[in-house]
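The values are calculated or read from the model by the stated rules, or taken from the named source; none is laboratory data. Since we're looking at a predicted model, the values are computed, not measured. When we count neighbours, we look across all protein chains shown, and the Cβ atoms used for this are built from the backbone with ideal geometry, even at glycine.
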């Protein structure tokens with residue numbers, strides 16, 4: 001599965017989860033320390049805007065406050081809009097072969113898009129867990145995500161001011177690949 005397909009499917013999975021969040025759940029806690037459901041959804045939207053800016057070659061935006069300029073107050077519509085914009089940015093010719101700025105330094109678009117998909121996939125799991133939705137991820141997505149996660153410079157990622165992933169959580173020897181992925185990325189499956 002190429003990076004664009006992986007990202008598209010991760011975004012679609014997370015979009016389905018965002019759409020199923022009830023209004024009475026937005027203040028509920030999530031597995032992401034300090035974030036309630038509303039804050040996590042806003043982070044997902046901001047992430048899409050950030051990766052869209054990176055894919056467009058604009059580098060890391062100083063702030064993602066511009067998302068609020070387009071916010072409608074409808075979390076599902078806002079998330080869908082952010083997905084549309086980020087996919088349009090990733091689908092432009094030459095993006096996958098371009099060296100793009102990222103929080104980790106220059107990175108090929110074909111690798112950065114997988115990081116985008118990984119973040120959206122795992123935060124989608126966080127949101128599903130917080131809202132009592134099904135948390136089983138597609139095995140093909142898990143395989144691609146796990147292969148990527150094991151190649152990332154996790155020490156450097158975890159040392160960022162706002163790291164994408166928390167400290168590794170040990171899982172048992174008989175853990176599923178999904179549970180190993182979640183543990184590697186700081187989640188307690």
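Restricting attention to segment 159-181, does a residue exist that is at pLDDT 90 or above, part of a loop (DSSP other than H, G, I, E, B) and buried (at least 16 other Cβ atoms within 10 Å of the Cβ)? Checking segment 159-181: at least one residue is at pLDDT 90 or above, part of a loop (DSSP other than H, G, I, E, B) and buried (at least 16 other Cβ atoms within 10 Å of the Cβ). Here are some residues: 156, 114. Which one is touching a residue at least 24 places away in the same chain (Cβ under 8 Å), surrounded by 16 or more Cβ atoms within 10 Å (Cβ to Cβ) and in a helix (DSSP H, G or I)? Of 156, 114, the one residue that is touching a residue at least 24 places away in the same chain (Cβ under 8 Å), surrounded by 16 or more Cβ atoms within 10 Å (Cβ to Cβ) and in a helix (DSSP H, G or I) is 114. Filtering segment 96-111 to residues that are outside any helix (DSSP H, G or I) and at negative phi leaves 96, 97, 98, 99, 100, 101, 102, 103, 104, 106, 107, 108. Taking the listed residues 141, 181, the one that is in contact with a helix residue (DSSP H, G or I) (Cβ under 7 Å, 6 or more places away or on another chain) and either at positive phi or touching a residue at least 60 places away in the same chain (Cβ under 8 Å) (or both) is 141, with no other qualifying. Against the definition (at pLDDT below 90 and closer than 21 Å to residue 8 by Cα), how does residue 56 come out, yes or no? Judged against the criteria, residue 56 is a match. All of (1) over 15 Å from residue 180 (Cβ atoms); (2) within 15 Å of the chain's Cα centre (by Cα); (3) modelled with pLDDT under 90 hold for residue 113 with one exception: (3). Only one of these conditions is not met by residue 93: (1) in a loop (DSSP other than H, G, I, E, B); (2) touching a residue at least 60 places away in the same chain (Cβ under 8 Å); (3) surrounded by fewer than 18 Cβ atoms within 10 Å (Cβ to Cβ). Which number is it? So residue 93 meets the others, but not (2). Scanning segment 30-48 for residues that are at positive phi and modelled with pLDDT of 95 or more turns up nothing.
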